[in-house]
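One structure below.
The values are calculated or read from the model by the stated rules, or taken from the named source; none is laboratory data. Small disclaimer: the values here were computed from a predicted structure and weren't measured. Here the Cβ positions follow ideal geometry from the backbone for every residue, glycine too, while neighbour counts run over all protein chains shown.
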Amino acid sequence: MRPVRTVRTCVFRCRTSSFLLLFLLQGGGVLRRSQSSGINAFPVLPPSSFSSWSRWKQLIFVMGFGDLKSSSGLKVLNDFLTDRSFIEGYVPSQADVAVFEAVSAPPPADLCHALRWYNHIKSYQAQKNSLPGVKKPLGQYGPTGVADTTSSGPAASKDEDDDDIDLFGSDEEEDTEAAKLKEQRLAEYAAKKAKKPALIAKSSILLDVKPWDDETDMAKLEECVRSIQMDGLVWGQSKLVPVGYGIKKLQISCVVEDDKVGTDILEEQITAFEDYVQSMDVAAFNKI
Amino acid sequence: GKRRAPCLPLFQGFLSGTEQGRCYLCGFKLWVPVLQNNQGPPLVGLITIACHLVKEAKRSNLLGESAEGRAVVQQWLEYRVTRLDGCTKEDSKTILKELNIHLQDNVYLAGNHFTLADTLMYYGIHPLIVDLTVQEKEQYLNVARWFDHIQHIPSLRHHLPPVVVLRNRIYTSRHH
């Protein structure tokens with residue numbers, strides 16, 4: 001394959017391009033497409049962040065809320081304040097004053113945590129100079145991994161580029177627009193990741209429960225198995241399947257919610273009935 | 001019978017320096033605390049005693065800032081004594097739900113400052129929160145946030161075990 005223009009295009013045309021290599025290249029049409037198709041291999045950082053060590057470093061060690069003047073930054077702030085009453089610590093401080101001043105208007109009502117914090121800090125307006133702490137630049141507050149881009153633009157990312165060597169010789173066409181877009185997308189990604197999914201993942205499991213011998217009371221065994229009640233577990237049909245020598249195994253199906261119930265928990269609980277159950281197997285496991 | 005208001009000695013410690021020598025909690029009469037002091041008749045009842053202690057400690061701001069603030073504090077104190085004390089398991093879920101709704105828009109229970117309402121509600125709710133699972137704490141997220149905030153106020157918690165309120169930020173509920 002003759003490389004045509006840049007490294008990026010070459011890999012796109014080459015059929016044997018590895019998945020990893022794609023991740024290591026800068027964001028282009030290829031990666032945007034892959035991202036939208038739902039690849040979730042790296043749950044925390046989006047693929048385009050691996051293009052250079054400097055950018056990766058920036059994402060791990062930098063703090064901030066994104067652009068607090070935009071709705072994406074406010075969403076990050078809202079998420080940050082969900083389980084915190086103040087920006088730093090447990091009393092109002094200069095940290096709150098700093099962020100309050102960066103937020104130009106009251107957050108909308110659907111960002112209830114940010115709004116609560118805003119109204120609360122507003123009531124301290126009179127004493128804002130006497131609050132404890134030292135005012136630091138906005139990049140010192142907030143969750144890690146989201147850079148602060150309020151009003152100062154993508155100046156931060158530009159500085160980092162100069163010193164480090166870009167490992168894959170990525171192009172210099174990184175302009176301010178793209179950098180700003182990236183930071184915004186990161187903030188949105190972080191906010192989206194924190195929201196709970198609407199769909200509940202369920203699976204249908206078919207279990208084989210084997211008794212000790214043919215004398216075992218299968219009705220009692222089934223009763224014991226069905227007595228196992230857990231949140232996210234629903235028992236379904238069951239039948240007795242002969243396995244030879246007069247012994248029958250119980251095949252019972254159940255529907256579980258993936259994040260609440262696992263097969264290991266089920267196995268533990270079923271094999272706890274040592275009097276009746278010799279062992280348990282998963283005969284089939286289907287995602288619904 | 002179950003002793004109610006085991007928090008009063010803790011509360012006295014929080015206000016510290018009030019009447020430690022002068023008056024003492026002389027036990028419980030029908031599960032209601034009684035405070036004996038040198039001047040006047042004994043005080044009966046959690047709210048009465050708590051308000052008295054606050055005034056003696058000259059920290060009346062704990063009772064509320066304005067007339068409206070004071071009324072709200074008293075309402076929450078009534079809530080604590082009538083709804084929370086001696087409630088059943090189902091009631092406790094209702095209480096947590098109501099608190100969660102209220103604390104969505106408010107940092108403190110009454111107004112914008114820490115008041116007696118927060119203190120007594122913290123002491124009252126502590127046994128409930130200690131037994132909550134991680135998922136339940138996520139369900140009552142605002143209560144968990146307020147609780148974590150209050151338990152960090154200096155000299156309030158004493159020997160009560162701290163409750164860890166950690167929000168699971170790396171994985172959503174979908175991943176194990």
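Structure values in brief
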{"item": "Those residues of region A:204-222 which are within 23 Å of A:E257 (Cβ to Cβ) and in contact with a helix residue (DSSP H, G or I) (Cβ under 9 Å, 6 or more places away or on another chain), in sequence order", "result": "A:I205, A:L207, A:V209"}
{"item": "Any helices (runs of 4 or more DSSP H) falling wholly within region A:100-206 and containing at least 3 residues that are modelled with pLDDT under 75", "result": "A:155-163, A:176-194"}
{"item": "Some residue of region A:219-235 being in a loop (DSSP other than H, G, I, E, B), over 18 Å from A:V282 (Cβ atoms), away from chain B (no Cβ under 14 Å) and small (G, A, S)", "result": "yes"}
{"item": "Those residues of region A:116-137 which are within 13 Å of chain B (Cβ to nearest Cβ), of a type in the set (A, V, I, L, M) and touching a residue at least 24 places away in the same chain (Cβ under 8 Å), in sequence order", "result": "A:I121"}
{"item": "Leading residue by the ranking (farthest from the other protein chains (Cβ to nearest Cβ)) among those in region A:258-288 that are crowded, with 17+ Cβ neighbours inside 10 Å and part of a strand (DSSP E or B)", "result": "A:V277"}
{"item": "Unique residue being among the polar types (S, T, N, Q) and within 30 Å of B:E136 (Cβ to Cβ) when the list is A:S238, A:S253", "result": "A:S253"}
